Structure formats: structure tokens, C-alpha cells
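The values are calculated or read from the model by the stated rules, or taken from the named source; none is laboratory data. These numbers were taken from a predicted model, which means no experiment stands behind them. For neighbour counting, all protein chains shown are included, and Cβ atoms are generated from backbone atoms with ideal geometry for every residue, glycine included. Side chains included, ligands, DNA and RNA excluded: accessible areas come from the protein's heavy atoms. Shrake-Rupley method; radii C 1.70, N 1.55, O 1.52, S 1.80 Å.
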Amino acid sequence: MPTIALLALEAADGTVVLTSITLVFAMLVALCLIITVEGKLFDALNNKKNPKPTPKKESKPAAAPAAKPAAPAPKTEGGIPGEIIAAISAAVATVVGGNAVIRGIKRIPKNGGSRRGAWGDAGVQEHTTPFM
């Protein structure tokens, strides 16, 4: 009967494994750095094409802030109940903060949507936008 050595490892085997693992992680770090540098480069190119306007500073002393006018009620279409509008407004205020203004709420026709539905479309849009 032939004998089978199950754990016949040599020092060279360990060296190969450690070298391989080190090389893989080094390449992953290098790829991350390359992608980060490319992102910064493309952001710089986009900012050169579309410069942001700089706000003008006024030399006048700052007056007390005026009271904000109450936001107008959002326009509704299709007979959306007031409770639904209140729930949507509360959700927007929770996510965005108290500074959000809702200008209108309307129903989206069911037959004009995609096969995925509104939540599926929102997920696709969120996960396919460019990295920022």
C-alpha cells in the first residue's frame, strides 16, 4: 500500500502563498488609488467647464433676518387626500430638513411606468448614477 503524505508542505509553498497574498492586496490598493486620482481629475475637469459663481460680499452691516413667509400649499392633481400630502411633506421634512419647499405632488400613471415599478426605478437610478 502506498503511503500518502497529507501535510507534506515545504518552505517554498509558504513563500509562494505569502507572496501571492501580498501581491493581490498591493494591486487592490493600487487600483483604489488609481480610481481615486481619476475621480479627482474628472471632477477638476468638470469644474473648469462649469465654474461655480462666487458670491459677492457686501460691505453693508448685516440686518436682522426677515421672517420667512409661509410656504404655499403644494398643488395637487388627481384628488390626492390631505393625509397623503401631509405624510409626504413630513417624510421630505425628515429627510431634507425644515428648509424644503414642496411645489407640487402628482400621481404617476401606472401604465406609463416600467416593469420594475417606482421603487425599482428609484433603486436603478440611485445605483447607476456616477460616483460623487
Within the stretch 78-90, can one find any residue that is of a type outside the set (Gly, Ala, Ser) and modelled with pLDDT under 85? yes
Of all residues making up the stretch 32-45, the number that are at pLDDT 90 or above and open to solvent by less than 100 Å² (accessible area, probe 1.4 Å): 7
If you go through LYS52, LYS48, LYS60, the only one that is in a helix (DSSP H, G or I), open to solvent by 100 Å² or more (accessible area, probe 1.4 Å) and at pLDDT below 90 is LYS48
For the stretch 102-114, what are the residues that are modelled with pLDDT of 80 or more and surrounded by fewer than 10 Cβ atoms within 10 Å (Cβ to Cβ)? ARG103, GLY104
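Kindly indicate the residue of the stretch 91-101 that is at pLDDT 85 or above and of a type in the set (A, V, I, L, M) and also most open to solvent (accessible area, probe 1.4 Å) among those meeting that condition.
Pass one, the stretch 91-101, residues at pLDDT 85 or above: 91-96.
Now narrow it down to the ones that are of a type in the set (A, V, I, L, M): 91-93, 95-96.
On the way: ALA91: 53, VAL92: 46, ALA93: 49, VAL95: 124, VAL96: 102 Å².
Restricting to residues being at pLDDT 85 or above and of a type in the set (A, V, I, L, M), the top hit is VAL95.
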